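The values are calculated or read from the model by the stated rules, or taken from the named source; none is laboratory data. Here the structure is a predicted model, which means the values were calculated and not measured. Quick reminder, even Gly has a Cβ in these numbers, built from the backbone with ideal geometry, and neighbours come from all protein chains shown.
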């Protein structure tokens, strides 16, 4: 959420940003109102506590002088009751303030395009060339069946739809992509982490608005635990309630994890197969840095991801996410969309592979993660995240882009040392 100082000092900037998002700016006024009431209550409590101390001293003095203290004790009881009443009011105002504050989006970067949904995201650039085929192509579901790569039916019986058994070369390709991405991140100075796959509510709330994502997050019954939808969440939680010295930043971590998402409401063949699953593997980049450095690391992380797909020989585009497709926590977000020839009735379509987001101090506010400067001043850090590789969607792109006329699939050269094979051979007799 946004720093409360911003509401006090520059509410116009917040309102202008919310208007661009097409959000109701009344919430901004609510934050300001309840913040004012909260501060007034604190001031009154402070005065009453001072009065309580004075009366307490007066009672002690009267007792020493063997004088009656009944009236003063009565005054003391009233002061104590008033303090309790105001403490309860201040807690209520603070909760109302922060409940409203959590619903307000991050300040938008000036380059974020205005738009109603993902159809109005703005293409920034493309890389590589679309493949041309001289034969009738298959989508990844057909290729997976012909090459014995996936078992959807058994997974649906023992789990439910949108789970899958990865088999044979598909399982090895998933592992190869993870190691490929990990090696690249290590060379870029990232410390790799295999994090907890479950977080409690307090830690999870630092990464996502639980109200906004309640239909996508798996909750563990009767426990304060949730399955993670991305390793971004436990990685930024490494800063939970921590104060970092200036010279210890940035902290660059890479996450190796399975991810779990409910994925409600997605229908149609283009969202089936392994495109939109309840469980998948992903390699993530996360940076915690000084506020003045987040612009630089946003560019670095985006370049890391683009280079991964360039070296795989995949055609993709980079898009600037518009206001209607942007989450509340993002200040700026670029997506990499891979070209998938089997999509849209095999006419081909760009589909999201991963996102790079600069969240400024929005998440650090909730997690209470700060940097202490050399002069002793403290401020919230900036947090950024970026998908390096989401393995299933990359596998879709590899299968569909590098399929051959005989039904086989070529493996990108960059993966040969990780897969141990250069081609997934046709299973035709």
(request) Return yes when residue 352 is in contact with a strand residue (DSSP E or B) (Cβ under 7 Å, 6 or more places away or on another chain) and either surrounded by fewer than 22 Cβ atoms within 10 Å (Cβ to Cβ) or at positive phi (or both) and no when it is not. (result) yes
(request) Determine which single condition residue 366 fails, assuming it passes every other condition in (1) within 30 Å of residue 129 (Cβ to Cβ); (2) touching a residue at least 40 places away in the same chain (Cβ under 8 Å). (result) (1)
(request) Being assigned to a strand (DSSP E or B) and over 30 Å from residue 333 (Cβ atoms) is the filter here, so list the residues in segment 378-429 that pass it. (result) 403, 409, 410, 423, 424
(message) Looking only at segment 183-216, filter to residues that are under 14 Å from the mean Cα position of the chain (by Cα) and either at pLDDT 90 or above or not in a loop (DSSP other than H, G, I, E, B) (or both); which one of those is farthest from residue 102 (Cα to Cα)?
(response) 199
(request) Might you check whether a residue that is on the phi > 0 side of the Ramachandran plot and either surrounded by 19 or more Cβ atoms within 10 Å (Cβ to Cβ) or in contact (Cβ under 8 Å) with a residue 24 or more places away in the chain (or both) occurs anywhere in segment 188-211? (result) yes
(message) Based on this model, can you work out whether residue 383 counts as surrounded by 24 or more Cβ atoms within 10 Å (Cβ to Cβ), assigned by TED's automatic domain parsing to the domain that holds residue 258 and closer than 27 Å to residue 24 by Cβ?
(response) yes
(request) For residues that are without any contact (Cβ under 8 Å) to a residue 24 or more places away in the chain and assigned to a strand (DSSP E or B), tally how many sit in segment 303-359. (result) 1
(message) Which condition from (1) under 30 Å from residue 262 (Cβ atoms); (2) in a helix (DSSP H, G or I); (3) touching a helix residue (DSSP H, G or I) at 6+ places or on another chain (Cβ under 8 Å) is the one that residue 138 breaks?
(response) (2)
(request) Output the residue which, of all residues in segment 360-373 that are part of a loop (DSSP other than H, G, I, E, B) and surrounded by fewer than 19 Cβ atoms within 10 Å (Cβ to Cβ), is farthest from the chain's Cα centre (by Cα). (result) 373
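Listed here are the residues, each with its yes/no results for (1) free of Cβ contacts under 8 Å to residues at least 24 places away in the same chain; (2) touching a strand residue (DSSP E or B) at 6+ places or on another chain (Cβ under 9 Å); (3) assigned by TED's automatic domain parsing to the domain that holds residue 315.
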| residue | (1), (2), (3) |
| --- | --- |
| 113 | no, yes, no |
| 127 | no, yes, yes |
| 151 | yes, yes, yes |
| 163 | no, yes, yes |
(request) Test residue 236 against the stated conditions and say whether it is assigned by TED's automatic domain parsing to the domain that holds residue 292 and assigned to a loop (DSSP other than H, G, I, E, B). (result) no
(request) Search segment 403-429 for residues that are assigned by TED's automatic domain parsing to the domain that holds residue 182 and at positive phi and pair each with any residue that is part of a loop (DSSP other than H, G, I, E, B) and loosely packed, with under 14 Cβ neighbours inside 10 Å when their beta-carbon atoms are under 8 Å apart and the residues are at least 6 apart or on different chains. (result) 407/427; 407/428
(request) Could you list, in sequence order, all residues of segment 242-275 that are within 20 Å of residue 172 (Cα to Cα) and either free of Cβ contacts under 8 Å to residues at least 40 places away in the same chain or under 19 Å from the mean Cα position of the chain (by Cα) (or both)? (result) 255, 256, 257, 258, 259
(request) Could you identify the single residue in 31, 69, 73 that is touching a residue at least 24 places away in the same chain (Cβ under 8 Å) and surrounded by 12 or more Cβ atoms within 10 Å (Cβ to Cβ)? (result) 31
(request) Could you please find all residues in segment 107-133 being crowded, with 16+ Cβ neighbours inside 10 Å, touching a helix residue (DSSP H, G or I) at 6+ places or on another chain (Cβ under 8 Å) and under 18 Å from residue 22 (Cα atoms)? (result) 107, 108, 112, 113, 115, 121
(message) I'm trying to understand the selection: among the residues of segment 240-288, which are over 30 Å from residue 156 (Cα atoms) and crowded, with 22+ Cβ neighbours inside 10 Å?
(response) 253, 254, 285, 286, 287, 288
